[in-house]
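The values are calculated or read from the model by the stated rules, or taken from the named source; none is laboratory data. Not measured: the values here are computed from a predicted model. Counting neighbours? That spans all protein chains shown, and the Cβs are built from the backbone with ideal geometry, glycine included.
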Amino acid sequence: GLKSSVGRLSAFEESNKDLREQVKALREEHEGTLSNLTDVNFELQTVKAEFASLEDDAKEQSVKASRDKESLEKELEETRSECNLVRRQFAEFSDTTALLDTTRSLSPAPRPPCP
């Protein structure tokens with residue numbers, strides 16, 4: 001009886017030792033997994049921050065592009081206005097030139113100077 005009990009106790013201690021080693025190995029693995037998760041989480045936060053920064057840059061670029069477009073449209077309108085003014089002035093100049101030509105053709109020939 002005693003020998004058999006000692007044998008069982010020895011087997012139990014051996015089994016217990018194996019279980020402790022397994023628990024220790026699982027703890028180390030768990031710590032490794034936690035460490036990896038912490039690293040991944042940190043990388044994720046970094047990527048999120050970079051993405052937010054890129055989003056902000058994109059919004060700024062969009063606002064700037066919108067302002068530039070408005071400015072260019074204003075400039076285009078001013079240029080069109082100036083162009084139309086020049087066209088009107090040219091038309092008036094052409095009318096005046098034509099009127100002068102008509103006046104010249106209607107006026108009598110110049111008299112010779114008096115002797």
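Would you point out which residue out of SER105, SER66, SER71, SER53 is part of a helix (DSSP H, G or I), without any contact (Cβ under 8 Å) to a residue 40 or more places away in the chain, loosely packed, with under 10 Cβ neighbours inside 10 Å and not aliphatic (A, V, I, L, M)?
Unique residue meeting the criteria: SER105.
May I ask you to verify whether THR103 is at pLDDT 90 or above and polar (S, T, N, Q)?
no
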